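Everything below concerns the one structure shown next.
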Amino acid sequence: MALFVALLMFPSFAGCMDSTEPEPTASDLQIEPKILIGAEFQFVEFTAKRPMSVHIPYFIVDEQTGLVTNGTTLQFSAEGSQSLQMLAPSNLPSAHFLIGDVGQESWSLRATNESWAEWFNSSTYGSAYEYLEHPVFRTPQSGVSPDEGANHSTGLVDGHSIYEWLEMFTDSQSGFNERWGPFTLRDPAYERALFFLRNEMSSMGLDPQIHRYETSTSPFAVNVCGYKEGTVYPDEWLVMGAHLDIAEIGSGPGGGTHIGAHDNGAGVAMILEAAKGLAEFDHRRTLVVCFWSNEENGYNGVDSWIANIPSGVLITNYLNVDSAGVNFPGDYTLVIDIIPDTDDQLGEQWPMIHLTEWLGSNNNDIAETMRNGRDLYFSEGYAAMQDHDHTHPNTISVHESQRGRSDYERFADQLGTVSMDFGAITGGYDCYHAPCDTLETMVEWMETDNATGQANLCESFDMISWWVVNLFFHLDETPIFYED
């Protein structure tokens with residue numbers, strides 16, 4: 001746990017109050033509003049009835065800089081109130097605030113794959129400090145039923161919007177199907193998708209650019225990327241992306257696809273939704289959002305982009321989504337691969353593994369699910385995660401990868417950038433690179449006894465896109481670099 005405390009860069013203990021003062025308790029702290037709005041930044045007022053410190057383990061907007069910051073500790077030297085703008089958990093019914101003596105700046109914390117409730121009821125916690133649990137409610141979108149994904153339909157980013165976007169993008173009348181990559185110069189379907197995404201990013205306030213590398217032999221590499229310059233370190237770029245092309249007819253193992261909903265329309269939709277939320281804020285480092293060509297045929301798109309990074313620019317981290325969505329909360333494993341590989345069974349990329357677990361469990365009820373995934377990876381390895389027979393439900397595996405099968409591999413291999421990918425069962429998906437890779441198939445696969453396929457798919461999209469947003473906020477403040 002000391003490692004993760006250092007990762008979060010909590011300052012050292014700064015003193016304590018006079019021992020004659022009574023210790024502050026949860027009843028000495030009031031929070032307004034009475035119920036926080038989930039998945040949104042909002043102004044929250046903290047009122048202390050006596051001297052105390054209050055640690056907020058959630059993202060806040062720094063009042064002086066306007067930048068998103070990973071938590072803070074409020075100090076009350078006397079009775080009084082303080083307000084700040086904070087992000088309430090996206091998919092939990094409550095938020096937890098830690099209460100200590102005035103001046104306290106150092107806090108023992110839960111394990112990264114442990115929930116706050118588990119921590120406070122553990123022998124490890126004991127009575128390290130007081131805490132206040134405060135209710136959170138995410139208001140459903142009017143006119144959307146729970147079966148349609150209403151529980152994940154509002155906020156800075158939301159899974160229902162991703163579902164609707166993917167529904168439009170994969171429609172037979174959309175003009176975006178059969179975008180097999182630019183094997184033919186200026187292929188119409190691929191070109192329509194490029195310009196559509198360029199316009200989407202422009203409407204968000206990003207600077208969109210279509211990068212063409214057409215002097216190379218076929219397949220031609222053409223990407224579309226959006227940029228928002230950092231306000232503190234503009235020459236340090238934090239990149240997120242997904243591949244835009246789909247497996248052409250004749251591709252193995254399924255013979256190719258016309259639509260590619262799971263691989264990789266869903267990844268495009270989740271990255272686009274995450275970008276929409278992030279574009280509303282200034283960032284320390286330059287935000288780069290890219291949709292790559294030719295992932296299915298040798299990474300020509302990402303390779304060309306990397307080869308043309310401007311001189312003096314440092315890529316700090318890379319976040320990728322490829323073939324995700326058909327996973328938890330359905331009966332399949334969500335796989336989160338982190339590279340470069342350090343040739344260890346689970347890996348030495350512990351800072352990124354721990355950060356990913358912490359942020360996931362801070363927003364979703366998935367602590368046990370991640371522990372299941374770690375046990376599965378240790379005991380049975382990666383092959384078990386491709387299972388499609390419903391024998392490994394309730395699993396999310398966050399691990400250092402020995403595979404690297406998407407664009408994120410190129411950032412790690414060529415630049416030494418700590419990179420990660422959100423993916424799912426891939427080889428275990430019956431419609432992998434096949435004509436049946438449609439949104440309707442994804443919905444069918446995601447149906448469970450307690451929820452419709454659409455509701456589960458919206459929850460999956462929501463969880464992953466929020467994970468990407470939270471990772472970006474943290475890595476913008478504190479990048480994680482590869483130390484071999």
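Each reported figure results from applying straightforward, stated rules to the coordinates on display, with no laboratory input. Keep in mind the model is a prediction, meaning the values are calculated, not measured. A quick note on method: Cβ atoms are made from the backbone with ideal geometry, for glycine too, and the neighbour counts reach across all protein chains shown.
One table, with the values for the structure above:
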| item | result |
| --- | --- |
| Neighbour-count ranking [beta-carbon atoms within 10 angstrom, fewest first] of LYS34, LYS49 | LYS34, LYS49 |
| Spatially proximal lysines relative to LYS49 (Cα-Cα < 20 Å; intrachain offsets below 8 disregarded) | LYS34 |
| Under the Karplus curve 6.51 cos²θ - 1.76 cosθ + 1.60, θ = phi - 60°, whole-Hz ³J(HN,Hα) for segment 287-296, x wherever Gly or Pro sits | 7, 10, 10, 10, 10, 8, 9, 6, 4, 6 |
| Cα centroid of segment 57-94 to Cα centroid of segment 216-250, whole Å | 34 |
| Test item: Cα-centred dipole of segment 98-243, Lys/Arg +1 and Asp/Glu -1 on Cβ, debye | 480 |
| Rounded to whole Hz, the Karplus (6.51, -1.76, 1.60) HN-Hα couplings of segment 82-87, x for glycine and proline | 9, 10, 7, 9, 9, 9 |
| Value of Rg to Rh for segment 2-137 (Rh from inverse mean 1/r over Cα pairs, i.e. Kirkwood) | 0.93 |
| For peptides 439-448, 58-67, sequence by mean Cβ density within 10 Å, most packed first | 439-448, 58-67 |
| Computed lengthening from GLU368 to THR124, 0.36 nm per intervening residue step minus Cα-Cα distance | 86.1 nm |
| The chain - charge dipole about Cα centre, Lys and Arg +1 at Cβ, Asp and Glu -1, debye rounded to 20 | 820 |
| Which of PHE291, PHE422, PHE473 has the fewest Cβ neighbours within 10 Å, and the rest in rising order | PHE473, PHE291, PHE422 |
| Zero-based 20 Å bins, Cα pair distances in the chain, whole percents | 24, 57, 18, 1 |
| Neighbour-count order for CYS431, CYS458, CYS290, fewest beta carbons within 10 angstrom listed first | CYS431, CYS290, CYS458 |
| Dipole in debye (nearest 20) - segment 191-293, about Cα centre, beta carbon charges: Lys, Arg +1; Asp, Glu -1 | 40 |
| Principal-axis tilt of helix 350-361 within the chain, Cα atoms, nearest 10 degrees | 80 |
| Leading residue at positive end of dipole, the chain (Cβ point charges), from PRO340, PRO33, ASN363 | PRO33 |
| For segment 40-127, with +1 on Lys and Arg beta carbons and -1 on Asp and Glu, the positive-most of SER115, MET86, LEU67 along the dipole | SER115 |
| Antiparallel DSSP beta bridges within segment 146-477, percent to nearest 5 | 45 |
| For GLY38, distant residues with modelled amide H under 5 Å away | PHE137, ARG138, THR139 |
| Value at 222 nm in deg cm²/dmol, rounded to 500, when DSSP H runs of n ≥ 4 in the chain each add -39,500 (n - 2.57) | -8000 deg cm²/dmol |
| C-alpha long axis of helix 453-477 to longest principal axis of the chain, angle in ° | 70 |
